[in-house]
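Below: one structure, written as structure tokens.
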Amino acid sequence: MTKFWKRSRITKAFADASQVESFAEAEALLDSVRLEIVVGDDQIETPAGQAAALTAVATGKKCFGSVNIVAAKDAALVAKLPVGRSVLAAAQWLGARRADAPSPRATHRICIGDVPAAAVWSIACWWNRWLAGMRAFTDDAVGDSRLALAGTFAGALAVRQVFACAVAGRNVLPRDERVSLWSPWTEAKDEETGPERFDVPDKLWLLGLGHLGQAFVWNLCLLGGSGERLAVLQDDQLVAEENEATSLLVSPGGRQLGRKKARAASAWLKASGWRTDIIERRHFGDIALTKDDPPYLVSGLDKVEPRLVLARHGFPYMIDAGIGHGAGGFRGNSDQDDREGPGDRRALGRANGRRRKQGGDAPGQSGVSGAGAPHRPLRNVRIRRSKRGGAIRRSGDRSADVGPYHSIGFARGRAEAVSDRARRSADGDVG
């Protein structure tokens with residue numbers, strides 16, 4: 001096995017961009033990045049601030065090999081995670097080096113919260129409840145910081161911007177980016193920050209626990225919750241060396257090599273308060289669903305054929321996110337889905353329509369405060385082409401772009417599940 005195998009899935013981006021002549025050259029470009037994540041006192045105690053910091057640490061360490069976290073103080077974790085009880089302890093578990101002051105050797109800086117400006121390439125994470133993104137300058141204060149999903153999205157997007165500099169071989173000018181996680185299919189507007197209360201499903205079936213499925217678990221754990229919750233975890237693969245650089249739940253140093261991916265995900269969910277059932281075999285559409293099974297299937301599969309099998313299997317709601325190599329690859333899968341399965345999707349649509357007319361409800365957890373409430377069933381997801389040349393996930397009459405970057409894609413996928421679940425109910429709190 002080549003010594004460049006561990007980060008081969010990352011360095012492949014350099015080869016695809018024709019920027020290097022060898023994997024050694026690509027690794028040298030990654031290693032030349034000295035990433036520093038600076039967390040202000042105003043954000044280290046908030047759900048969004050903590051999620052942004054830990055997401056940036058985890059993805060930055062996997063991508064660039066090293067990362068520093070700078071904070072004047074520590075704070076207890078808001079979410080229950082199996083990586084420590086405080087922000088800095090969790091960051092160190094994820095592979096960061098702790099520092100009390102910024103380093104003059106840093107080449108790139110990600111700023112979270114109220115952080116002084118510095119003469120180094122910098123990008124600032126930004127959010128306001130369900131709005132999230134990044135800012136080129138640190139003087140634009142963040143807003144409502146109670147939603148961890150916003151922090152995850154902003155932190156991952158910031159690391160993606162640093163990665164763009166590495167691939168380009170030069171510092172790409174930082175730019176402002178903003179997305180509404182509540183309604184990502186619309187243009188984000190300052191005044192549309194999304195609701196303060198929302199529903200979160202309390203029964204989920206996660207199929208495929210590679211980098212996509214693990215990113216979903218990451219967001220799920222950071223979002224938090226209360227009450228009885230069940231996750232069915234299905235995957236038959238072992239954690240291998242090449243998974244460390246792309247899988248958020250795989251710790252640095254190879255501690256989980258050789259373990260089943262489903263069990264790695266289970267450890268995180270159990271720490272967060274979920275009950276888990278594990279299926280360590282593939283799903284061929286041969287597992288009969290019962291009334292006690294989760295109605296929501298979260299697909300982390302990388303091939304269209306098994307996704308088509310599951311689309312015909314009868315789950316009331318199926319979430320597909322981040323499939324394919326970039327938007328073009330996802331669009332190719334979507335086209336094949338359109339060619340091979342329209343009859344099955346129409347049948348599923350009719351079945352779901354009958355359920356809605358009959359008043360059938362799906363079980364769910366009401367927000368993170370645990371208050372009970374009636375819930376409406378959700379529409380089945382189908383995939384169609386985007387007029388803008390990307391890929392869209394369509395649920396009924398709404399659509400949303402789905403990106404290939406795993407942390408970003410599943411932050412948005414998770415937000416879509418939450419917002420679709422809560423579109424007409426208001427029984428949970430943002431924080």
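Kindly put Arg98, Arg9 in sequence by how many other C-beta atoms sit within 10 Å of each C-beta, fewest to most.
Least crowded to most crowded, the residues run Arg98, Arg9.
Using alpha-carbon pairs under 8 Å, 6+ residues apart, how would you state the relative contact order of region 1-116 in percent?
32 percent
Quick one: which residues, 5+ away or cross-chain, put their amide H under 5 Å from the amide H of Asp199? H built at 1.01 Å from N.
Counting only residues 5 or more places away or on other chains, the set is Gly367, Ala422, Asp427.
Could you pull out every residue, at least 5 positions away or on a different chain, whose amide H is within less than 5 Å of the one on Ile278? Hs are placed 1.01 Å off N in the peptide plane, and Pro or chain starts have none.
Leu233
Exposure proxy check: Glu27, Glu196 ranked by fewest other beta carbons within 10 Å?
Numbers: Glu27 20, Glu196 16.
By the 10 Å Cβ count, ascending, the order reads Glu196, Glu27.
So what J values fall out for region 200-213 if you push phi through Karplus, 6.51 cos²θ - 1.76 cosθ + 1.60 with θ = phi - 60°, rounded to Hz, Gly and Pro as x?
Computed from phi, the couplings for region 200-213 are 10, x, 10, 9, 9, 10, 9, 10, x, 10, x, 5, 6, x Hz.
Hey, fewest Cβ within 10 Å first, where do Trp185, Trp127 land in order?
Trp185, Trp127
What full-extension length gain, to one decimal in nm, is calculated for Ala89 and Asp140 as 0.36 nm per residue of separation minus the Cα-Cα distance?
Between Ala89 and Asp140, full extension yields 15.5 nm more.
Under a crude label model (7 Å from the Cα following the beta-carbon direction), how far is Lys270 from Arg97 in nanometres?
For the pair Lys270/Arg97, the computed spacing is 3.5 nm.
What is the total of Lys pairs in region 195-321 with C-alpha atoms under 17 Å apart, excluding same-chain pairs fewer than 8 positions apart? Provide the component values of the computation, followed by the final result.
Numbers: Lys203/Lys270; Lys203/Lys291; Lys260/Lys270; Lys261/Lys270.
Within region 195-321, the lysine pair count is 4.
No value in this document is a laboratory result; all are computed from the given coordinates. None of these values were measured; they are calculated from a predicted model. Positions of Cβ are generated from backbone atoms using ideal geometry, with glycine treated the same way; all protein chains shown enter the neighbour counts.
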